[in-house]
Structures are given as structure tokens and as C-alpha cells.
Amino acid sequence: MRHHDPYDFPDGSDEEEGMETDEDQYDAQCPDLEIVGSDAGSASSLSDTRSSTLYSASTGSHSESGTAFSHQRFHNWDDDSDDERMSTSSDTSLATRIQRDYSRDMATSEVYHLPADEEERDRLRKQHHMLISIMRAKYPPGMERVLASTIPGEKRVLDLGCGNGEWISDVARDFPFCECVAIDLVPIRDSRGLPPNVRTEVDDVNLGLQHCYGQFDVVHVRLIASGVKDYQLLIEDISRILRPGGVMELCEFDFSIYNQNHHPFTIHLHEPMASPYWARWMAHLRHAVHGRGGDIFAAGYLWQWATKHPAFENIESRDVWLPTVPGNHSKFPSEFYALLRENVSSFLRAGKPLICGSGLSEEDFEFLRDQTLWELHHSDETQFTRLQCLWASKRMDYVDPPNED
Ligand SMILES: C[S@@+](CC[C@H](N)C(=O)[O-])C[C@H]1O[C@@H](n2cnc3c(N)ncnc32)[C@H](O)[C@@H]1O
């Protein structure tokens, strides 16, 4: 049985501690980036007028009014009467634990196996800012409208697999009247740095999210497919978590690497090691994630699953092509390529326990990593990662079917 979670509420006295340094550093850059993709047209409409205020909100300090809330004001949804369903970090049914593996502190559940240490937090922090700059927007279409309210706690936002809590912290500052909930396998390291209208929960989305049904106006999920057993089931959960008119945003990559024409490289794991090494490294990661039960196919099915689901309408998707091995790609500012290289270098280290755990020898892993690092800095050939993003709203008149359990 899962238990009520005593949410970790900061008292607001030291809000934002530790959150500004990186923002200052990265908000300075909102490069004029080209968006390449099958539906780049919709990308540019996303990035036009919609979010200018929200984007600039991130560069300043967060709203003063955010400090006005106390957790009591937000405590209606987890009414004790029906909430034995919340999990806690001490919940023994939760398979998550931190394990040391190849000198990294790992978040390790039955499925997920990537680090949860300072290096990974730093990577996620920078990646968050990089993604905002390439998307040219922080939030999906319709989110601002859905969250328009000045009644504290009336509107609620949920971030599943929140990592550091970067995205949910932005939301909490930009929409200070909203109640924000961040769920992850591992606790956010320093929750005192979170805005006061953020609550955190340690939970595994694979265990079901019934305790969130009907409670949220926005649900955000980004880059957690490697820890999700059945992503279509997660979308079903999200359809029930959303209130009528609520907005879902999903963003995943597909564990493939693409050439400059956006065709995926075909890699056979048992052939001798040869270039392209980044594509080969990713093929090993894909194999390892699949071996643990992660949904490596999710990104490619987001559109199909969302459009087939009767709860959703106003569905839009967008591909974002990241030149993760920059090669001769030269359309972005040089700082952006530096960030990408740093991100990939760090990710190469992060994947070691997962890939070596799935059978690749440490020696082969190090060879592959070194060759990939060489490509990252010296190769002329661009290798792309494809990020597939989708957003949709829940029909106002949709009635959720009865729960099966
Ligand atoms: C690559 S990080 C992305 C973090 C964040 N969404 C972002 O975009 O910065 C993946 C996160 O998802 C979490 N995660 C993976 N599987 C999960 C699961 N089954 N339930 C809850 N969280 C999960 C991990 O602990 C990790 O913090």
C-alpha cells in the first residue's frame, strides 16, 4: 500500500537559493536558432508572440507574490480522507534507491538507471536552459490561458520525472498563484531552493498515478522514457489526471542518431566498432534501456497515441533537431555548440553504468567514449538527435471512463 506523502515544503525564507547563478549565465543567451524539423512551421508559430513575457520573466527575479503562499493554502487536494495513495521516499513498495555504480550515485529503479548526483544535476540544469533557447519558448500553447487565475491554488501544474525541478520552478515563479507538484524517483537535492508554491513527491510513475486523477490543469513530461515501462499507459494516466481543458506537454527523444539529411544511422551492435561512434554509443544505450524495460519506442508513437486517445484535441507536435555532434553545422551561435558538447560529454559519462551493466566491457565502453569525444570535437559530419515534442488539450466535454481498479 502506498502512503500519504508529507510534502516537503520550503518556508520561503531562503527561496531561490542556488537557482540564480545558472539562470543568469544561460538566460543571457537566447540565440537566434534555426529550428529544423518536419513541422518547423508550427515551431515558429509557437515561438512568436506567445511567450515573450514568460520568457523574459525567467531572466528576472521571481514574482514577489510567490512568497505569499503557505503550504496550508494548497493543502486541499491531498485531503487525508482519501489519501493513502501518496507515496513517500521511505515507501518500501517503491523500488527506487540510490546505488553507487562506477563512482556515480545512481537513481535506480526496476527500469531507470542513470545518475542522480551533482554532475547529472548540473547537466540537467544546463540542458533545461539549452532546450528553452532552442524551443524559443518555455511553455506549450494554451498553458498561459489555462493557468490564468489569481486565486491561490486554484490552478495546479504537475511535472512527472522532474529531475532537478528546473521546469516546475520556472512555472512556479511565472505563475505564482499556481500550485506546482514535482514528482520523481529521487528527491530533489535541495528542496529549500524551490519556490514556495512547489511541492515535491517521490514516486514511480510506473506504479500508477491514480492519486492525481482529476487534480491538475497542466501535466508536463520531458525525457523520462528511459524510466517508463509503458508510455501509452502513462498517457492514459495523464488524460485522467487532467481537468477538462487542461494541457499536456510531452517531449522525448528516440534513442536514434540521424545524419545531416535526418536519416537514422543503422547500427548493428555486434559488428566491429566503427564510426559513427556517437550513433553507436546511442545504439548501446538504446539496447541497455530496452533491456531494463524502458520504453525506447515512445517518442515515435507520441503522435499516434495522443491522436487516438478520445480525451485529447488541439494536438500539435514538433521535431527539434539537435546537432549533438556539431560537425560542420554552423547555424547556431558558438556558445550553443559548446553547451551541446558539454552536455554530450557529460551524458557519455552518465551512461556508463547502464551500458556496461548491459554487457559491454568497460574497455570497449571507454574506447567508444573516447572515439565519440573525438567526433564531438573534430568530426566534420553532423550527427543529430531528434527531440519529439507534443502538446494537446483535454476536451472540455470528455468524461473519463470509470477506473478499472
Ligand atoms: C533525464 S532526466 C529529465 C529530468 C527533467 N524532466 C528534465 O527534463 O530536466 C529523467 C528524470 O526522470 C526521472 N524518472 C525516470 N523514470 C521515472 C519514473 N518511472 N517515475 C518517476 N520519475 C522517473 C529520473 O529520476 C530523472 O530525474
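Here are the numbers:
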| read-out | value |
| --- | --- |
| Matching residues, the range 112-164, being among the charged types (D, E, K, R) and within 14 Å of the ligand (Cβ to nearest atom) | Asp117, Glu118, Glu119, Glu120, Arg121, Asp122, Arg123, Arg125, Lys126, Lys138, Asp159 |
| Where a residue in the range 107-118 is at negative phi and charged (D, E, K, R) and its partner, wherever it lies, is more than 6 Å from the ligand (Cβ to nearest atom) and part of a strand (DSSP E or B), with Cβ under 6 Å and at least six apart | Asp117/Arg104; Asp117/Asp105 |
| Any hit, the range 165-184, residues being near the ligand (Cβ under 8 Å from one of its atoms) and part of a loop (DSSP other than H, G, I, E, B) | no |
| Failed item, numbered, when Phe216 is tested on (1) surrounded by fewer than 22 Cβ atoms within 10 Å (Cβ to Cβ); (2) modelled with pLDDT of 95 or more; (3) away from the ligand (no atom under 11 Å from the Cβ) | (1) |
| Selection status of Pro272, touching a Ser or Thr at 6+ places or on another chain (Cβ under 7 Å) and either within 11 Å of the ligand (Cβ to nearest atom) or in a loop (DSSP other than H, G, I, E, B) (or both) | no |
| Pick from the range 219-257, criterion among the hydroxyl-bearing types (Ser, Thr, Tyr) and surrounded by 21 or more Cβ atoms within 10 Å (Cβ to Cβ), ranking: farthest from the ligand (Cβ to nearest atom) | Ser239 |
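This table checks each residue for (1) surrounded by fewer than 16 Cβ atoms within 10 Å (Cβ to Cβ); (2) under 25 Å from Arg286 (Cα atoms).
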residue: Trp305; (1), (2): no, yes
residue: Pro326; (1), (2): no, yes
residue: Arg386; (1), (2): no, yes
residue: Leu390; (1), (2): no, yes
residue: Ser393; (1), (2): no, no
residue: Asn403; (1), (2): yes, no
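Residue-wise test of (1) buried (at least 21 other Cβ atoms within 10 Å of the Cβ); (2) under 17 Å from the mean Cα position of the chain (by Cα); (3) in contact (Cβ under 8 Å) with a residue 60 or more places away in the chain.
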{"site": "Arg136", "(1), (2), (3)": "no, yes, yes"}
{"site": "Pro140", "(1), (2), (3)": "yes, yes, yes"}
{"site": "Ser149", "(1), (2), (3)": "no, no, no"}
{"site": "Gly153", "(1), (2), (3)": "no, no, yes"}
{"site": "Leu158", "(1), (2), (3)": "yes, yes, yes"}
{"site": "Gly165", "(1), (2), (3)": "yes, yes, no"}
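The values are calculated or read from the model by the stated rules, or taken from the named source; none is laboratory data. These numbers come from a predicted model, not from an experiment. No Cβ is skipped: glycine too gets one built from the backbone with ideal geometry, and neighbour counts run over all protein chains shown.
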